[in-house]
Each structure stands twice: as C-alpha cells, then as structure tokens.
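Heads up: the structure comes next, in structure tokens.
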Amino acid sequence: MTVDDIKTATTDDALYDLLARELMRRLPNGRRADDAFVQELNNLRPGLRAMASTYELDVSLALDDLGWHFGNWRHVGLAQVTLEGLRELGADRMAELFDGAFLIVQGYWEELGSENWAEWYHGSPLEQALEPLNREAYGVWESQEWGLFSYWLSYTRQHPERLV
C-alpha cells in the first residue's frame with residue numbers, strides 16, 4: 001500500500017477494502033489476545049497499529065458490549081494498544097469510555113479469565129457497572145456511519161504517511 005493507493009481510493013468502500021487487505025497482509029497470523037500479537041501490532045506504522053488494535057472493539061460494539069470485548073480479548077497489553085489506537089485515530093470520547101471500562105474490568109479480571117466467564121457475565125456486577133459506559137459507547141459508535149471504521153477512513157485521508 002502506498003500514499004498514491006490511498007489517494008486514488010475515492011470511495012469509502014474502496015479505501016476500507018485497501019486498508020483491510022493491507023492489514024490482512026501485514027498480520028497473516030490473524031488477531032489474538034496474546035503477547036505475540038501485541039508485538040506484531042507494535043511493529044506496524046502508527047495508523048495501521050491503531051486500526052488493527054481497534055478492529056475487534058468495533059466488532060464487539062456491533063455484536064455485544066464492552067464487557068464482552070474484554071472477556072473475548074482479555075489481555076492487558078492488547079487493551080493498552082487499543083486505547084492508544086483510539087487516541088491515535090482521534091476517537092477521543094471512545095478512548096475515554098474504553099479506558100473507564102478497562103479500569104472497571106480490572107477488578108473482575110479473574111472472573112473474565114474463568115472457563116465459564118460468558119455465563120457469569122450476564123447479570124453480573126461487572127455488566128451492571130459497565131451499563132452507563134456501554135450505553136454511551138453505543139451512542140458514539142452509532143453516530144458514525146461506519147462505526148469505528150469511520151475513524152479509520154478519516155484518519156487515513158488526513159494522515160496517509162502514518163500508514164505506509
């Protein structure tokens with residue numbers, strides 16, 4: 001992917017497809033919640049790192065909530081890179097919400113690491129504590145035509161040099 005490739009992608013669909021292909025090429029082992037994946041992320045340019053680290057958060061907000069995100073992607077280093085990624089992309093309010101959720105979630109880290117965390121989570125004190133943050137995170141996510149990917153597109157158009 002080059003700056004020229006970015007500039008010639010005139011539609012959101014074309015730009016997203018370009019970014020998705022580049023991320024798949026640069027991260028052939030897929031996304032995981034482990035130290036090796038965090039190292040792979042840290043080897044990327046800032047923009048690509050931000051996008052790769054926030055991808056699963058977008059999916060979590062589309063399908064579940066912040067608690068489920070941390071249950072599925074339970075890794076402190078990944079959470080830190082995701083927070084940095086949100087800030088890099090200019091998703092400031094989402095970064096604040098994510099950071100607040102991460103602070104709450106840390107008090108339930110052991111439960112989220114248990115074999116049956118998904119069963120435990122529904123109706124749990126964690127789900128209740130996250131409710132106001134989830135509600136606002138959904139609002140931020142829904143306000144963007146492409147969810148968090150809207151930040152990707154805007155960022156790429158403004159800072160192509162931070163991706164290549």
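The values are calculated or read from the model by the stated rules, or taken from the named source; none is laboratory data. Predicted model only: the values in this text are computed from it and were never measured. For neighbour counting, all protein chains shown are included, and Cβ atoms are generated from backbone atoms with ideal geometry for every residue, glycine included. Surface accessibility is based on the protein's heavy atoms, side chains included, excluding ligands, DNA and RNA. Shrake-Rupley method; radii C 1.70, N 1.55, O 1.52, S 1.80 Å.
Considering only G123, T156, W146, the residue lying farthest towards the positive end of the dipole of region 75-164 is T156, judged by Cα position with unit charges set on Cβ. Listed peptides 67-74, 126-133, 145-152 appear in the order 67-74, 145-152, 126-133 once ranked by packing, highest mean of other Cβ atoms within 10 Å at the front.
Estimated from the Cβ-Cβ distance and a Förster radius of 22 angstrom, the FRET efficiency linking W146 and M24 is about 0.75.
Computed from backbone phi with θ = phi - 60° and the Karplus coefficients 6.51, -1.76 and 1.60, the 3J(HN,Hα) list for region 109-116 is 4, 5, 4, 5, x, 6, 4, 10 Hz; x is used for glycine and proline.
Within the accessible surface of the chain, defined with a 1.4 Å probe on protein heavy atoms only, the carbon and sulfur portion equals 47 percent. In the list [x] 1.96; [y] 1.19; [z] 1.04, the label attached to Cα Rg over 2.2 N^0.38 Å as derived from the coordinates here is [z].
Report the charge-dipole magnitude of the chain in Debye, nearest 20, computed about the Cα centre from +1 at each Lys and Arg Cβ and -1 at each Asp and Glu Cβ. Kindly include the intermediate steps, with their values, before the conclusion.
Values: 14 positive and 28 negative charges, 131 e Å.
The calculation lands at about 620 debye.
Phi angles across region 36-44 convert, under the Karplus curve 6.51 cos²θ - 1.76 cosθ + 1.60 with θ = phi - 60°, into 3J(HN,Hα) values of 5, 5, 4, 5, 4, 4, 5, 8, 8 Hz, Gly and Pro given as x. A 1.4 Å probe run over the chain, with the rest of the protein chains in place, finds 50 Å² accessible per residue.
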